[in-house]
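Notes follow the structure.
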Amino acid sequence: MRSLQFCRERKGLKIYGWVILDSHLHAILAAPELSAVLRDFKSFTAQQILAAVSCEGRDWLLNQLAYYRAAHKPTAHQV
């Protein structure tokens, strides 16, 4: 995962263990500003997912991500 590697190299993220499951991930992490690092990680990952979905022409999935977006979110889609 490029995002985790970037956070390790540039943001001081320490990864002690992680596992990716079918719908989420578990991780044991540490960083000087962990909440900011996680925010950036989640944002980057969501952008990459949306770009891939768009390139693959999966408009039905983009429509679902837009429809089920939380009302308070400022973005057009929510992953």
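Derivation of every value follows stated rules applied to the coordinates shown; laboratory data play no part. Model, not experiment: these values are computed from the prediction. Here the Cβ positions follow ideal geometry from the backbone for every residue, glycine too, while neighbour counts run over all protein chains shown.
Tabulated data
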quantity	calculated
Enumeration of residues in the range 54-65 that are free of Cβ contacts under 8 Å to residues at least 12 places away in the same chain and not acidic (Asp, Glu)	Ser54, Cys55, Gly57, Arg58, Trp60, Leu61, Asn63, Gln64
Counted residues, the range 1-54 - those being among the β-branched types (Val, Ile, Thr) and closer than 18 Å to Ala76 by Cα	3
Answer residue from the range 5-52, given it is of a type outside the set (D, E, K, R) and touching a helix residue (DSSP H, G or I) at 6+ places or on another chain (Cβ under 7 Å) and is surrounded by the most Cβ atoms within 10 Å (Cβ to Cβ) among those	Leu13
